[in-house]
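Asks: I have a structure here, written as structure tokens, and I will follow up with some questions on it.
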Amino acid sequence: MRFPLQYKLGLYAAVVSAIALMLLPTIMPRYIYHRQMTELDKELQDGTDDLFKDLGERAATGIAPRKPLTRDFLQPSLRARLIRITNRDGSELYRSTNWRNFDPRTLPVGHATVVIQDKEGLDRNCRVVTESKGDFNVSIGTRLGTIEGMQEDLKFAFKVALPIVSLLVLVGSFLVARRVLRPIAAMTAAAERISAERPSERLPVPNTRDEIARLSRVLNASFDRLEKAYSAAERFSSAASHQFKTPLTVFRAGLSELRTCDYLHPTERETVESLLQQTRRLTTLCEDLLLLAKTDAGRLELLPEPLDLIPQIHRAIDDMEVLGLDNDITVQHTLPDTLIALADPRRISIILQNLGDNTVKYNRSHGTIHITAREEKDTAIISVTSTGPCILQQDAERIFERFNRGKANENVKGHGLGLNIARELARAHGGDLRLARSEATGTQFDLILPLAKT
Amino acid sequence: MRILVVEDEEKIAVLVVRALQKAGHQVESCSDGAAALSAISSNNFDFIVLDVNLPVMDGLEVLKKMRADKNHTRVLLLTARDGVTDRVTGLRTGADDYLTKPFAMEELLARVEVIGRRAPSPNQGDIIDVGDIRMDIRKHRVTRAGAIISLSPREFELLQIFLQEPGRTFSREEICERIWEREHEYDTRTVEIFVMRLRKKLSEDRDENIIETVRGIGYVLNPPAP
């Protein structure tokens with residue numbers, strides 16, 4: 001989660017509104033320009049119509065048609081316009097002074113936009129209508145100043161508005177997004193609380209009937225199903241525990257009773273002994289599976305206490321030395337005097353036993369095992385380095401999988417749960433078990449446990 | 001002793017009852033919590049072997065009611081090995097000891113003996129003296145006739161088991177279970193090696209058989225002369 005959703009929403013909204021604001025100034029001024037020009041043309045048209053009417057009336061009064069006209073002849077509304085009136089034969093009856101050096105004879109019939117200088121000598125765009133009716137030819141024009149000014153104003157307004165509106169949209173949509181997303185933050189917090197330890201907790205369903213409320217309900221239904229599955233798994237494991245243990249107890253008691261019988265032949269006694277041992281291996285396997293079922297359900301009971309790991313490690317070293325006798329394995333150690341972790345002693349001894357067994361099992365003849373322990377930040381780290389076979393990078397995780405027993409040594413004893421259990425137990429403590437490195441010079445496992453707070 | 005066995009699994013109950021009878025006890029049994037309570041209130045037992053998982057009323061409940069009635073009969077709880085909380089609450093509720101299922105029958109018998117005849121108390125203190133061997137559990141030190149014997153942690157634990165009940169025969173698997181939380185595949189052989197090493201360290205040059213191998217069963221510590 002590099003950028004929270006609310007920032008993203010704010011940013012997206014701002015970008016969208018900026019694009020919209022950039023599109024608007026290319027469309028809107030053109031439309032307005034077009035509308036205004038149409039209106040202007042109509043106004044000029046009205047002017048020519050009036051002028052033709054006046055000219056017709058004047059002709060009717062019998063004044064010599066060739067006599068030039070004065071400014072007074074024009075209606076007041078037309079006096080500021082560009083005006084030119086000619087006879088059919090081309091002689092000019094009237095020409096307003098504001099044409100200046102422009103030659104109106106070049107004007108085409110109908111509407112035209114031309115450039116005419118003003119009295120300061122600046123070029124101005126002007127709109128002119130030229131029309132012939134009866135004996136007269138009339139041109140009426142006006143400057144486009146107002147319309148062009150409006151275009152300029154519009155463009156300027158958009159330029160100013162773009163950043164301001166974008167910023168407003170950015171902030172606004174950020175605030176809106178935060179408000180809308182608030183229930184999601186609450187949901188996330190609740191979902192984090194729902195765990196194996198507290199499976200009956202549920203997400204808050206907001207009172208809004210919207211998508212978020214629906215999502216909460218859907219997720220809650222999933223959590224219901226998960227909880228059912230969890231408790232079913234737990235019921236199964238405790239039921240299985242009872243079901244397995246009873247026959248195992250009967251087996252053991254019966255076999256040990258049988259073993260004390262005086263009339264047994266030595267070979268029979270040996271058979272009974274080996275059956276007893278198998279019964280106990282079955283017991284161990286059964287206990288391991290139940291332990292894993294519990295860790296999977298997150299229902300492992302831990303009784304952590306401040307525990308000095310060093311005596312525990314010495315016990316494990318003791319075991320490794322004896323287990324390694326057959327293969328002449330040397331166990332060395334470099335340990336501090338004390339290392340107090342927050343841990344459950346029974347579980348720690350299982351972790352160390354499993355790790356030790358594994359290290360001896362996968363070691364070579366005349367190999368070595370080196371054990372060190374140290375504090376690092378808030379953790380205790382126990383490193384077990386052995387001269388076992390090199391574990392390839394791609395197998396680094398596989399060795400922790402259940403019932404995995406390394407292909408290099410097919411005849412290795414055990415059922416392949418040791419490292420998995422050790423890792424699960426370490427993680428249940430808030431620690432971990434990792435393969436730190438595996439090279440020709442040695443394979444190192446790191447057991448990480450939380451230090452006890454002093 | 002008059003012993004009551006409360007166990008709902010008939011097959012286990014039969015074996016336990018038979019073993020206890022063989023050991024010379026007077027044994028009665030019942031298979032649920034309510035029946036156990038009525039049997040306890042109407043009889044005067046010296047000892048009760050009580051399973052935690054029982055129908056009608058579980059073992060811890062029976063124990064609680066018993067202790068509330070000021071009945072102080074010694075109780076050995078049978079629990080599941082992974083039932084840590086059962087064990088802790090069991091001892092808190094007033095059980096004298098617990099045994100995890102599946103248990104070795106010899107161990108059950110031994111516990112019954114030890115707890116049943118609490119006086120003279122077994123060697124449970126910080127310092128245990130057996131003959132000329134002295135074990136200081138707190139200081140983690142063992143001496144024989146005054147001379148310090150340096151033991152590895154497992155050798156120490158092994159000796160502690162022997163010293164707490166000298167003269168009792170321990171099977172290899174009972175030793176295994178008491179020393180190792182999880183048995184490894186090499187178990188009984190590992191015990192043999194540790195016993196061998198311990199024997200050597202204890203005896204040094206003495207001509208004696210302090211830890212004797214009982215063929216087909218296990219080991220026993222013969223208390224040396226003081």
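The values are calculated or read from the model by the stated rules, or taken from the named source; none is laboratory data. Given the structure is predicted, the values throughout are model-derived calculations rather than measurements. Virtual Cβ from ideal backbone geometry, glycine too; neighbours counted across all protein chains shown.
Asks: Among the residues of the range A:202-212, write down those that are exposed (fewer than 15 other Cβ atoms within 10 Å of the Cβ) and over 13 Å from A:A185 (Cα atoms). Quick ask: steps written out before the conclusion?
Replies: Initial filter on the range A:202-212 (exposed (fewer than 15 other Cβ atoms within 10 Å of the Cβ)): A:204, A:207-211.
Matches in the range A:202-212: A:N207, A:T208, A:R209, A:D210, A:E211.
Asks: Among the residues of the range A:233-246, are any touching a Leu at 6+ places or on another chain (Cβ under 6 Å), closer than 24 Å to B:I175 by Cβ, of a type in the set (A, V, I, L, M, F, W, C) and buried (at least 18 other Cβ atoms within 10 Å of the Cβ)? So that I can check it myself, show each step before the final result.
Replies: If we filter the range A:233-246 for residues that are touching a Leu at 6+ places or on another chain (Cβ under 6 Å), which is where we start, we get A:237, A:241.
Cutting the leftovers down to closer than 24 Å to B:I175 by Cβ gives us none.
No: the range A:233-246 contains no residue that is touching a Leu at 6+ places or on another chain (Cβ under 6 Å), closer than 24 Å to B:I175 by Cβ, of a type in the set (A, V, I, L, M, F, W, C) and buried (at least 18 other Cβ atoms within 10 Å of the Cβ).
Asks: Next question. Considering the range A:246-266 alone, what residues qualify as being touching a Pro at 6+ places or on another chain (Cβ under 9 Å) and either polar (S, T, N, Q) or in a loop (DSSP other than H, G, I, E, B) (or both)?
Replies: Answer for the range A:246-266, where residues must be touching a Pro at 6+ places or on another chain (Cβ under 9 Å) and either polar (S, T, N, Q) or in a loop (DSSP other than H, G, I, E, B) (or both): A:T246, A:T249.
Asks: Tell me, please, whether a residue that is more than 13 Å from every other protein chain (Cβ to nearest Cβ), surrounded by fewer than 17 Cβ atoms within 10 Å (Cβ to Cβ) and in contact with a Gly (Cβ under 9 Å, 6 or more places away or on another chain) can be found in the range A:308-327.
Replies: Checked the range A:308-327: no residue is more than 13 Å from every other protein chain (Cβ to nearest Cβ), surrounded by fewer than 17 Cβ atoms within 10 Å (Cβ to Cβ) and in contact with a Gly (Cβ under 9 Å, 6 or more places away or on another chain).
Asks: Of all residues in the range A:55-107, which are exposed (fewer than 11 other Cβ atoms within 10 Å of the Cβ) and among the hydrophobic types (A, V, I, L, M, F, W, C)?
Replies: A:A60, A:I63, A:A64
Asks: When the range B:35-80 is examined, which residues are found to be crowded, with 18+ Cβ neighbours inside 10 Å, farther than 19 Å from B:Q21 by Cα and either in contact (Cβ under 8 Å) with a residue 60 or more places away in the chain or within 14 Å of another protein chain (Cβ to nearest Cβ) (or both)?
Replies: B:V52, B:N53, B:L54, B:G59, B:T79, B:A80
Asks: Considering each residue of the range A:364-387, count those that are crowded, with 23+ Cβ neighbours inside 10 Å and not aliphatic (A, V, I, L, M), and give that number.
Replies: Restricting attention to the range A:364-387, the residues satisfying the condition of being crowded, with 23+ Cβ neighbours inside 10 Å are A:369, A:371, A:380, A:382, A:384, A:386.
Checking which are not aliphatic (A, V, I, L, M) leaves us with A:386.
Residues that pass the stated criteria total 1.
Asks: Now for a different question. Which of the numbered conditions does A:T267 fail, given that it passes all the others? Conditions: (1) of a type in the set (S, T, Y); (2) surrounded by fewer than 18 Cβ atoms within 10 Å (Cβ to Cβ); (3) at the interface with chain B (Cβ under 9 Å from one of its Cβ atoms).
Replies: Answer for A:T267: the failing condition is (3).
Yes/no matrix, rows are residues, columns are (1) modelled with pLDDT of 85 or more; (2) in a strand (DSSP E or B); (3) not assigned by TED's automatic domain parsing to the domain that holds A:G47:
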{"position": "A:V114", "(1), (2), (3)": "yes, yes, no"}
{"position": "A:K119", "(1), (2), (3)": "no, no, no"}
{"position": "A:V128", "(1), (2), (3)": "yes, yes, no"}
{"position": "A:S132", "(1), (2), (3)": "yes, yes, no"}
{"position": "A:F158", "(1), (2), (3)": "no, no, yes"}
{"position": "A:A161", "(1), (2), (3)": "no, no, yes"}
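Asks: Let me ask something else about it. Can you tell me how many residues within the range B:190-202 are facing chain A (nearest Cβ under 9 Å) and modelled with pLDDT under 90?
Replies: Narrowing the range B:190-202 to residues facing chain A (nearest Cβ under 9 Å): B:190, B:193-194, B:197.
Filter again for modelled with pLDDT under 90, leaving B:190.
Here the count works out to 1.
Asks: Is it the case that some residue within the range A:251-261 is more than 8 Å from chain B (Cβ to nearest Cβ), over 18 Å from B:K101 (Cβ atoms) and not small (G, A, S)?
Replies: So the first thing to find is which residues in the range A:251-261 are more than 8 Å from chain B (Cβ to nearest Cβ), and the list is A:255, A:258, A:261.
Still in the running and over 18 Å from B:K101 (Cβ atoms): A:258, A:261.
If we keep only those that are not small (G, A, S) as well, we get A:258, A:261.
Yes, the range A:251-261 contains at least one residue that is more than 8 Å from chain B (Cβ to nearest Cβ), over 18 Å from B:K101 (Cβ atoms) and not small (G, A, S).
Asks: Having 2 or more residues that are buried (at least 19 other Cβ atoms within 10 Å of the Cβ) and in contact with an Asp or Glu (Cβ under 7 Å, 6 or more places away or on another chain) is the bar; report the helices (runs of 4 or more DSSP H) wholly within the range B:145-225 that clear it. Don't jump to the end; show me each part of the working.
Replies: Values: elements: B:153-164, B:172-179, B:187-203.
It comes to B:172-179, B:187-203.
Asks: Another question, then. Do we have any residue at all in the range A:281-298 that's touching a His at 6+ places or on another chain (Cβ under 7 Å), part of a loop (DSSP other than H, G, I, E, B) and either assigned by TED's automatic domain parsing to the domain that holds A:N363 or crowded, with 17+ Cβ neighbours inside 10 Å (or both)? Give the steps one after another, and end with the answer.
Replies: Within the range A:281-298, the first condition is being touching a His at 6+ places or on another chain (Cβ under 7 Å), and the residues that meet it are A:285.
From what's left, part of a loop (DSSP other than H, G, I, E, B): none.
Within the range A:281-298, not a single residue is touching a His at 6+ places or on another chain (Cβ under 7 Å), part of a loop (DSSP other than H, G, I, E, B) and either assigned by TED's automatic domain parsing to the domain that holds A:N363 or crowded, with 17+ Cβ neighbours inside 10 Å (or both).
Asks: When you go through (1) within 10 Å of another protein chain (Cβ to nearest Cβ); (2) of a type in the set (V, I, T); (3) not in a helix (DSSP H, G or I) one by one for A:T208, which number turns out not to apply?
Replies: (1)
One line per residue, one yes/no per condition, for (1) of a type in the set (A, V, I, L, M); (2) part of a helix (DSSP H, G or I):
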residue	(1), (2)
B:L54	yes, no
B:V62	yes, yes
B:N71	no, no
B:L76	yes, no
B:D86	no, yes
B:T89	no, yes
B:R92	no, yes
B:A95	yes, no
B:F103	no, no
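Asks: I need the full set of residues from the range A:108-117 which are touching a Phe, Trp or Tyr at 6+ places or on another chain (Cβ under 9 Å) and either under 17 Å from A:T86 (Cα atoms) or crowded, with 16+ Cβ neighbours inside 10 Å (or both), in order please.
Replies: At the first step, the residues of the range A:108-117 found to be touching a Phe, Trp or Tyr at 6+ places or on another chain (Cβ under 9 Å) are A:114-117.
Scanning the range A:108-117 gives A:V114, A:I116.
Asks: Looking at A:H333, A:H370, which one is in contact with a Ser or Thr (Cβ under 9 Å, 6 or more places away or on another chain), under 24 Å from B:T190 (Cβ atoms), more than 14 Å from every other protein chain (Cβ to nearest Cβ) and not in a helix (DSSP H, G or I)? Explain how you work it out, then say what you get.
Replies: Working: A:H333 fails: more than 14 Å from every other protein chain (Cβ to nearest Cβ).
The conditions single out A:H370.
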